[in-house]
Amino acid sequence: MQQLNLNCPRAGDRSQAIGAQDPTPQNDRRDGTILISCQIIPTMNNWPKFLPDPTSCARGFALSISFWVIVSLLWPNAYYYSYGFSRAYWYTIRNSDWESPIVLAWFCQIWLFAFYHWGLTKLAEWVEIRRHNQQPPTVSAWQHWREGVIAFLTLPAAIVMGIPAIAIFMLPLRSSSGALIALILGTAIASAYLYHFRFAKLLKILLKFLWIFYTDLLKIFELLLVPVVTGTPFFLLTIATAKILPKQLLPLTTFFLVVCVLLSGIVGYAALQYWSAHLVNWAAMWWPADSPGYSRLQARKAWKHNRTATSQSFVRHTTSWHLAANDATNLIYLNLIAIVLGAIAFLLFGESSEWSETQEEIVGSVVALVWVAVWHFWGWPREVEIATGKPEAKKKRSPNSNSPPPNPVEQELNQLKATTGMNRMKPVRRSTQPTPEIAEWYVFRSGEAKGPYTKLQLWEVQEITARTKVRRGEAEWQRAGEIPELASYLTQK
């Protein structure tokens with residue numbers, strides 16, 4: 001589904017609007033969007049490159065005014081009586097000092113900018129209908145909320161970067177209204193430049209990196225926590241029977257305790273993997289198609305682990321048990337790494353009871369980082385390989401694997417001749433070769449369609465991912481993760 005983009009191209013670009021010598025067709029742009037607001041807001045070819053474009057300036061001033069006006073209305077000792085606030089409300093705000101007004105005004109930007117984007121979308125649709133007499137593509141609700149989230153994340157950076165400008169504007173001003181104007185102008189200039197230089201894209205890269213790090217860290221906590229939870233009954237049983245058993249059996253008891261904890265942890269891992277597959281399948285059923293994460297959910301739903309979970313019970317679901325074995329293997333590696341790093345720390349800092357707080361933090365941080373690196377570069381790729389299932393295209397082939405199998409009828413006739421004593425055997429002919437796969441898949445990259453390819457060539461040559469746009473023949477372009485028959489040929493990146 002195409003989306004409506006309310007962002008105009010930057011000033012100075014060769015293609016300023018639809019139809020202005022744009023080499024990409026209107027309904028076949030690289031990002032799948034349609035620019036229609038450029039017909040409303042004219043662009044200027046001679047706009048200085050060191051100044052933010054008009055769209056960025058409009059966003060920056062809207063963000064600054066929306067924030068500082070709300071703060072000024074809710075700030076203690078400012079405008080309360082003139083606006084008729086009750087004494088109880090004024091007393092509550094005043095006791096909270098300045099934290100509550102600032103936090104409230106900050107969160108209000110999400111709803112305000114979502115509303116702004118919705119209003120501009122409706123205006124753009126009205127212009128499109130009047131000019132071309134056709135209904136423009138529908139804009140999903142996520143696109144409105146996306147603008148609100150971007151404004152919410154841009155505001156703190158704009159305030160920090162706008163401090164020099166705010167200080168300059170405040171020098172000749174001494175009144176409270178003048179200070180408010182200085183705050184608005186300084187923040188607006190900084191936020192306009194942040195919008196102009198695509199600060200949201202930088203935030204997305206940073207948040208993606210942090211998200212990967214924290215998901216790996218949460219997986220490490222899961223690997224450590226599950227054996228503790230499932231092994232608690234065995235710990236309690238060991239403590240209860242410690243006074244009864246003789247000391248000679250203590251090593252054997254400890255060994256059985258470790259084995260029971262490890263086995264119970266494997267069962268816990270398998271249960272988590274099995275029910276997580278059901279959770280992903282359930283979420284993929286109702287997740288909106290235009291919302292982020294839809295293609296990832298559909299790709300996960302096509303995995304072997306998720307497909308077989310709906311038809312097999314927990315005990316018979318072998319993929320979950322294989323994933324649990326992978327988790328248990330990583331748990332053993334993590335413990336071995338902790339022992340090695342602990343021995344190195346003992347050589348550097350002495351006994352653990354003598355470590356300072358800084359030394360303990362250093363050792364703990366190093367252990368956590370090594371654990372995360374081991375899971376990210378070894379454990380997670382292995383888990384994906386098990387969950388997706390090895391496709392036939394990825395299996396190693398022998399040099400003669402393309403030759404057809406022998407004819408079974410002639411093989412049986414030769415066996416009968418051999419049993420009757422006949423020495424002359426008829427050469428075994430190869431059976432008819434199977435019909436080769438037709439190359440009918442195209443890949444959309446670098447603004448053009450490439451192909452045709454077979455499904456195997458999509459994996460080997462193009463290395464398609466879940467987000468790669470592909471099509472079969474003259475069909476419409478789709479994400480590869482949305483096509484179930486290509487799920488086994490996706491490259492995980």
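The values are calculated or read from the model by the stated rules, or taken from the named source; none is laboratory data. Because the structure is predicted, anything quoted here is derived from the model rather than measured. A quick note on method: Cβ atoms are made from the backbone with ideal geometry, for glycine too, and the neighbour counts reach across all protein chains shown. Surface areas here come from the heavy atoms of the whole protein model, side chains and all, with no ligands, DNA or RNA. Shrake-Rupley method; radii C 1.70, N 1.55, O 1.52, S 1.80 Å.
Observations
- Sequence-separation-based contact order of region 93-226, relative, with Cα cut under 8 Å and 6+ spacing, percent: 21
- Accessible surface, per residue, of region 166-291 when the full set of protein chains is kept, probe 1.4 Å, Å²: 66
- Local net charge near GLU222, Cβ-Cβ under 15 Å (Lys/Arg +1, Asp/Glu -1): -2
- Built amide H within the under 5 Å cut-off of ARG445, gap 5+: LYS450
- Of all accessible heavy-atom area on region 433-493, the percent that carbon and sulfur account for (1.4 Å): 44
- Counting only protein chain heavy atoms and rolling a 1.4 Å probe, the accessible areas of MET285, MET170, MET161 rank, largest first, as MET285, MET161, MET170.
- Taken one residue at a time, the phi angles of region 54-70 give Karplus couplings (6.51, -1.76, 1.60, θ = phi - 60°) of x, 5, 5, 5, 5, 5, x, 5, 4, 5, 5, 5, 4, 6, 6, 5, 5 Hz. Gly and Pro are set to x.
- Cβ-based charge dipole, region 164-272, positive-most Cα from PHE234, LEU210, GLY265: LEU210
- GLU448, GLU147, GLU440, ranked by accessible area, largest first (probe 1.4 Å): GLU448, GLU440, GLU147
- Carbon + sulfur, % of accessible area of region 230-309 - ligands and nucleic acids excluded, 1.4 Å: 76
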